[in-house]
1. Hey, can you grab everything whose amide H is under 5 Å from the amide H of R13? Only 5+ residues off in sequence or another chain; H modelled, so Pro and N-termini drop out.
2. Compute the angle between helix 283-293 and the longest alpha-carbon principal axis of the chain, please, reported from 0 to 90 degrees and rounded to the nearest 10.
3. Round to a whole angstrom and tell me the spacing of the C-alpha centers of the stretch 172-235 and the stretch 51-129.
4. Restricting the count to DSSP beta bridges whose residues both fall in the chain, what percent are antiparallel, rounded to a multiple of 5?
5. What shape does the stretch 141-267 have by the C-alpha gyration tensor, where a ≥ b ≥ c are the square roots of the eigenvalues, rounded means a/c under 1.5, and otherwise prolate means a/b greater than b/c and oblate the rest?
6. Rounded to the nearest 10 degrees, what's the angle between the helix 138-151 long axis and the longest principal axis of the chain, both from Cα atoms, 0 to 90?
7. Work out from phi, with θ = phi - 60° and the Karplus expression 6.51 cos²θ - 1.76 cosθ + 1.60, the ³J(HN,Hα) of each residue of the stretch 197-209, listed in order in whole Hz, and give x for Gly and Pro.
8. Quick check on the exposure proxy: order E306, E206 from fewest to most C-beta atoms within 10 angstrom.
Amino acid sequence: MAETGARPDYQGRAFWVTGYRRGELRPVQVSRQQLAETGDVIVETLYSGISRGTESLVFHGRVPESEHARMRCPFQEGDFPFPVKYGYANVGRVLEGPSSLKNRVVFSLFPHQTCFRVPESAVVPLPEGLPPERAVLAANMETAVNALWDATPRVGDRVAVIGCGVVGCLVAWMARRIPGTRVLAIDPDPDKAAILEQLGVHWRAESDGRDDYDLVIHASGHPDGLETALGLAGVEARIVEMSWYGDRPVPLSLGSAFHSRRLSLIASQVGRIAPVQSARWNHRERMALALKLLQAPELDVLIHSECRLTDLPSAMASVTTADSGVLCHRVIY
């Protein structure tokens, strides 16, 4: 409890990764003192989402030592590999703070926790018409937006997206909405066909054998997917690499037609705003754009499963396996 005469702290729980494929809920205290002086807000979580790619690496202890500092999320506690409180897809309601935000539903890059305190600048209000249940996709959408900024797609481009997790599906969905584009989504999982059909995107389990794509975006997380990308790319095409492999080596054949076709291999990572936009956009504006784009109701198809917070330790173990088939997993508070 806070000191005598002060308002009592909020009591809550947070999910911690405590070891290889192990996690637990731990108690937390959230101070209510001096909110006006600090400009902070207190948020009660409604939903959080598991960012499956990155959180799988964290849950399995596969963050390389060289990346321990760069991989920290905004409000992480603890250090890699374990124990660590990690996550960045939180939708909640403001309990205390400025009158302009009180009772507003907001998104923040905060781990899985029932209640928390952050600076006002760390929360972005949801736009009207966006259900809080869908807003757990915001961090994934922000990543997809940044990838397309890096990719600079053009009207009429022939686009291939390899790997149809949540981010790959969002990239394909947005690319398909650019006039005149021909978009192919490639993923070996046949269950992705129905999902992509609802998003208006053509799916194949493997390459269509064409090598005339203007833009290839790789988001599978598997090194062999990058090899497929090289084979699809046409002369002077752009290949955007979105996958992050943790501590896995990635062999890549840069012989064959790589040089003769003058291919460009571009790294995309959401921690930095794409150079073509960085002079005019900041991180908060980019997140607001991501939330606005999530107003499309067809995107609900990307949320595959859910659990209560009390079941998160066991759910994290099942969701983050390579063969789980889960896209976004939503946690209910």
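1. V28, T114, C115
2. Approximately 70 degrees, to the nearest ten.
3. When both Cα centres are located, 30 Å separates them.
4. On the way: 35 of 61 bridges.
The antiparallel fraction comes to roughly 55 percent.
5. rounded
6. Long axis of 138-151 versus the principal axis of the chain: about 30 degrees.
7. Result, rounded to whole Hz: 4, 5, 8, x, 10, 6, 10, 9, 6, 8, 4, 8, x.
8. With the fewest neighbours first, E306, E206 line up as E206, E306.
Every read-out reported here was derived from the displayed coordinates using simple, explicitly stated rules and does not represent laboratory data. These numbers come from a predicted model, not from an experiment. FYI the Cβ positions are ideal-geometry reconstructions off the backbone, even for glycines, and counts take in every protein chain you see.
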